[in-house]
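Some notes on the structure that comes next.
The values are calculated or read from the model by the stated rules, or taken from the named source; none is laboratory data. Computed from a predicted model, the values in this text were never measured in an experiment. Glycine also receives a Cβ, built like all others from the backbone with ideal geometry; neighbour counts cover every protein chain displayed.
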Ligand SMILES: [Zn+2]
């Protein structure tokens with residue numbers, strides 16, 4: 001194989017590698033975007049489940065957590081509004 005042919009082949013291989021590299025960069029970019037979105041969603045869900053936990057505690061301590069009677073004492077009675085709110089958020 002002539003030197004010239006060898007150089008040409010190496011150039012071809014380099015071009016193919018650059019194409020591959022570009023492809024991988026695009027993939028990495030989209031994975032990073034996806035990853036950021038997933039992390040965001042995860043922290044939203046954590047905050048949300050912590051909030052529900054707090055409300056459940058409040059209800060167990062004898063207070064309303066429903067929008068109708070929020071923070072008022074339940075006077076030892078169960079409240080269907082509160083319970084359905086909790087059920088909807090579990
Ligand atoms: Zn209630």
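Could you grab me the full set of residues in the range 72-90 that are within 10 Å of the ligand (Cβ to nearest atom), exposed (fewer than 11 other Cβ atoms within 10 Å of the Cβ) and not in a helix (DSSP H, G or I)?
77, 78
So, residue 63, is that one surrounded by 10 or more Cβ atoms within 10 Å (Cβ to Cβ) and either touching a strand residue (DSSP E or B) at 6+ places or on another chain (Cβ under 7 Å) or on the phi > 0 side of the Ramachandran plot (or both) or not? Spell out the reasoning first.
On the way: surrounded by 10 or more Cβ atoms within 10 Å (Cβ to Cβ): yes; either touching a strand residue (DSSP E or B) at 6+ places or on another chain (Cβ under 7 Å) or on the phi > 0 side of the Ramachandran plot (or both): yes.
Yes: the conditions hold for residue 63.
What single numbered condition from (1) at pLDDT 95 or above; (2) part of a loop (DSSP other than H, G, I, E, B) fails to hold for residue 1?
Among (1) at pLDDT 95 or above; (2) part of a loop (DSSP other than H, G, I, E, B), the lone unmet condition for residue 1 is (1).
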